[in-house]
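A.B. asks: Let me give you the structure first, and then I'll get to my questions.
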Amino acid sequence: DRFRYWDVRKVRTTCSFCGVGCQMELLIKGDKIVEVQPYDGAANNNMLCVKGKFGYKFVNHPDRLKTPLIKRDGKFEQATWDEAYDLIVSKLKEAIDDHGPDSVAGFSSARCTNEENYLFQKFLRAVVGTNNVDHCARLCHASTVAGLATTLGSGAMTNSNREALKSDVILVSGSNTTEAHPVIGAHIQQAKEKGAKLIVAEPREIELAKEADIFLQIKPGTNVAFFNGMMHVIIKEGLQDKEYIAARTENYEELEKIMESYPPEKVAEICGIDAEDLIAAAKMYAEGERAAIYYSMGVTQHSTGTQGVMSVSNLALLCGNIGKEGAGVNPLRGQNNVQGACDMGALPGDYPGYQKVINPEAQAKFEKAWGRSLNNKAGLTITEVVNGVEDGSIQFLYVMGENPAVSDPDTTHVEAALKKANFIVAQDIFMSETAEFADVVLPAGSFAEKDGTFTNTERRIQRVRQALKPIGESKPDWVILTELMNKMGYEASYSHPSEIMDEMASVTPQYGGISYDRIDEEGLQWPCPTKEHPGTPVLHTETMSRGLGLFKPADYIESAETPDKDYPYIMTTGRILYHYHTRTMTKRVKGIDVMFPESYIEINPITASRLDLADGDKVKVASRRGDIVTTAKVTDKVVEDVVFMPFHFYENGANRLTGTALDPTAKIPELKVSAVRLEKA
Ligand code: SF4
């Protein structure tokens, strides 16, 4: 777009892609975004990645949904808002009257604002009467929420984005940081340039691995063994922080006992690494004054994800690295507002602020605030809801800004379930693969068309500001939810998202001091319990949120699916820099999509030659769930027995192959390990 700088107006807002929460200015000419410039926010140091800088063109894309749609005889027809609302209300009442409130379920959205997530779960809980509300955190960091809440009392990143620059040792495991959280990746690279030591433990030779002092190419699914091996060496060498352990932790004896069984030689064998490298990495981490751990879905998306997270926490506690600037345990949250969606209670067992629905005091508090009696039975998770849609126990499914037909494991099964659904409402900015299955589609506003807040991965609540009028007849999600509440006979009179924030702050202790006037410039990091509180950059400084840090050691258990003669390779999945989740946005930005427009699979050269495959050849990949044909990318980023696929694609997508084995505590699927077979197509 050609424009003169004096012809545009600038609106400062928060990037709508990943959880780093970069601040930016949208340059607006007329009713279009024509450029994006970085803004020097607290989380991003004046940086933006390629998605933030160039990925804005989805906002004005002609594919945007512009009117409500109702499916009649299998075809979508344009409808008025009143027609759409009337149909939704009648179907919702029918499901509640005939099958009870628990026959209704909703997927909230880590893409939407805090205010919208708050309203969505309030709609299901107070208006419908069910706790069947979940969102895609179930697929990414449910195990972080469960694991860190157990060991520390709070399931969030303990430190802040920029603190990487203060670390003297950084351990990255299960995170391809430069691609998935590029600005935090850049902070880590800057720290390395300034002299910090870098250890990378990853199944692929990612960009950070090339810069690392020690790179351990661990087999997918062996995280618990790896962390146990690190702790074994540290204890053996007497490098643990004894004073800190005595003063600030409990259950150390059990940790010491279990770690005895993880000598470096055994761990090296399990993880496929060199024992000497493991010993060197353990010493390097333990000798750091301010040693930080960064992790993401390589740790969480396993049937032992919660144990993996607790092992990370054990290691940090062992060396006194919790509650210290530049150190900590730093789970990097994926989507722009996945932290906020969890904080707002878009979870089946939690009201806003992780107040449990099974706790009678919390129930009484929210009954008083919302004026309705509430259900005290924890609701269903995403995977359980999909099964309920299939067997008919879920009669009404409301999907706000989620795309399970691409993002969930075993998508062939998800599609079969959606096909059988009794009634689906999809609220989105584009006709997603999931919306195709809906009975009613509601056009929502993008981040550029509404006010609100996102909470980034470092717990910072930041403003999102309206820059454009809603496209066509679309409406911001909070407006749609407010109108539907009233149509269902529940009085809701919000005229601006700041009023929703005020209500939410009054019932959510961590957000008690948050209001729009206080977060206008910098944002604030929770916990921020009072209007005078300055926010909390580092958690657990004096005591842990639960009092003492709890060592929760676990033995290594193999992944649910391991290679065998029929399916001899381990497939792992992940992200690429140029795409965002299910590509509903990035595939519509030509300049970005062109970099990787199709699915592919990374295969080691030795494996490729065994299968007579050359780079660019078509390859059939089969798992116990199904098969696809994709393109071979021959590379030594992966080792012989491991292959890698990005998960962003619908056509020939990786999730046609992934399985539904769940972590029993967090119910997160094991998306990182599937056994597959390869053959030339
Ligand atoms: Fe946006 Fe994340 Fe890139 Fe920052 S790092 S510009 S938040 S996608």
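The values are calculated or read from the model by the stated rules, or taken from the named source; none is laboratory data. Predicted model, so just to flag it, every value in this text is computed and none were measured. As a convention, Cβ positions derive from the backbone with ideal geometry for all residues, glycine included, and neighbour counts pool all protein chains shown.
A.B. asks: Give the residues of segment 331-356 that are farther than 14 Å from residue 143 by Cα, within 13 Å of the ligand (Cβ to nearest atom) and out of contact with any Ser or Thr (no Cβ under 7 Å at 6 or more places or on another chain), sorted by residue number.
C.D. replies: Across segment 331-356, the qualifying residue is only 335.
A.B. asks: What number goes with the only condition from (1) assigned to a helix (DSSP H, G or I); (2) surrounded by 23 or more Cβ atoms within 10 Å (Cβ to Cβ) that residue 638 does not pass?
C.D. replies: (1)
A.B. asks: Also, I was wondering about something else. Please specify each residue of segment 437-482 satisfying the condition of being basic (Lys, Arg) and more than 21 Å from the chain's Cα centre (by Cα).
C.D. replies: 450, 465, 469, 475
A.B. asks: Related question: If we scan segment 398-421, do we find a residue that is out of contact with any strand residue (DSSP E or B) (no Cβ under 7 Å at 6 or more places or on another chain) and closer than 30 Å to residue 12 by Cα?
C.D. replies: Looking through segment 398-421, at least one residue is out of contact with any strand residue (DSSP E or B) (no Cβ under 7 Å at 6 or more places or on another chain) and closer than 30 Å to residue 12 by Cα.
A.B. asks: Now for a different question. Would segment 238-257 turn up any residue that is under 30 Å from residue 409 (Cα atoms), over 23 Å from the mean Cα position of the chain (by Cα) and either of a type in the set (S, T, N, Q) or surrounded by 17 or more Cβ atoms within 10 Å (Cβ to Cβ) (or both)?
C.D. replies: No - not one qualifying residue is present in segment 238-257.
A.B. asks: Taking segment 538-562 only, how many residues are surrounded by fewer than 19 Cβ atoms within 10 Å (Cβ to Cβ) and either on the phi > 0 side of the Ramachandran plot or more than 27 Å from the chain's Cα centre (by Cα) (or both)?
C.D. replies: So the answer is 4.
A.B. asks: Test residue 213 against the criterion of being surrounded by fewer than 19 Cβ atoms within 10 Å (Cβ to Cβ) and farther than 13 Å from residue 318 by Cα, and give yes or no.
C.D. replies: Considered against the rule, which asks whether it is surrounded by fewer than 19 Cβ atoms within 10 Å (Cβ to Cβ) and farther than 13 Å from residue 318 by Cα, residue 213 comes out as yes.
A.B. asks: Is one or more of the residues making up segment 527-534 under 19 Å from residue 159 (Cα atoms) and either assigned to a helix (DSSP H, G or I) or among the polar types (S, T, N, Q) (or both)?
C.D. replies: no
A.B. asks: Right, something else. Can you list the helices (runs of 4 or more DSSP H) found entirely within segment 269-333 that contain at least 2 residues being touching a residue at least 40 places away in the same chain (Cβ under 8 Å) and more than 24 Å from residue 237 (Cβ to Cβ)?
C.D. replies: Those helices (runs of 4 or more DSSP H) span 297-300, 305-318.
A.B. asks: I'm trying to understand the selection: among the residues of segment 84-125, which are outside any helix (DSSP H, G or I) and either outside the structural domain of residue 428 (by TED's automatic domain parsing) or surrounded by 23 or more Cβ atoms within 10 Å (Cβ to Cβ) (or both)?
C.D. replies: 104, 105, 106, 107, 108, 109, 110, 111, 112, 113
A.B. asks: A follow-up question, please. When the residues of segment 511-526 are filtered to those that are touching a helix residue (DSSP H, G or I) at 6+ places or on another chain (Cβ under 8 Å) and outside any helix (DSSP H, G or I), which remaining residue is surrounded by the fewest Cβ atoms within 10 Å (Cβ to Cβ)?
C.D. replies: For segment 511-526, the residue satisfying everything is 515.
A.B. asks: Run down 285, 351, 252, 262 and say which single residue is in contact with a strand residue (DSSP E or B) (Cβ under 6 Å, 6 or more places away or on another chain) and not assigned by TED's automatic domain parsing to the domain that holds residue 14.
C.D. replies: Among 285, 351, 252, 262, only 285 is in contact with a strand residue (DSSP E or B) (Cβ under 6 Å, 6 or more places away or on another chain) and not assigned by TED's automatic domain parsing to the domain that holds residue 14.
A.B. asks: Pick out, from segment 1-74, the strands (runs of 3 or more DSSP E) lying fully within it that include 2 or more residues that are in contact (Cβ under 8 Å) with a residue 40 or more places away in the chain and within 16 Å of the ligand (Cβ to nearest atom).
C.D. replies: Ranges flagged: 9-14, 23-29.
A.B. asks: Among the residues of segment 126-138, is there at least one that is assigned to a helix (DSSP H, G or I) and at pLDDT below 95?
C.D. replies: Yes; the residues of segment 126-138 include at least one that is assigned to a helix (DSSP H, G or I) and at pLDDT below 95.
A.B. asks: One residue is enough: does segment 245-259 have a residue meeting the conditions assigned to a loop (DSSP other than H, G, I, E, B), within 14 Å of residue 280 (Cα to Cα) and in contact (Cβ under 8 Å) with a residue 60 or more places away in the chain?
C.D. replies: Checking segment 245-259: not a single residue is assigned to a loop (DSSP other than H, G, I, E, B), within 14 Å of residue 280 (Cα to Cα) and in contact (Cβ under 8 Å) with a residue 60 or more places away in the chain.
A.B. asks: What number of residues within segment 1-37 satisfy the criterion of being surrounded by 15 or more Cβ atoms within 10 Å (Cβ to Cβ) and among the aromatic types (Phe, Trp, Tyr)?
C.D. replies: 1
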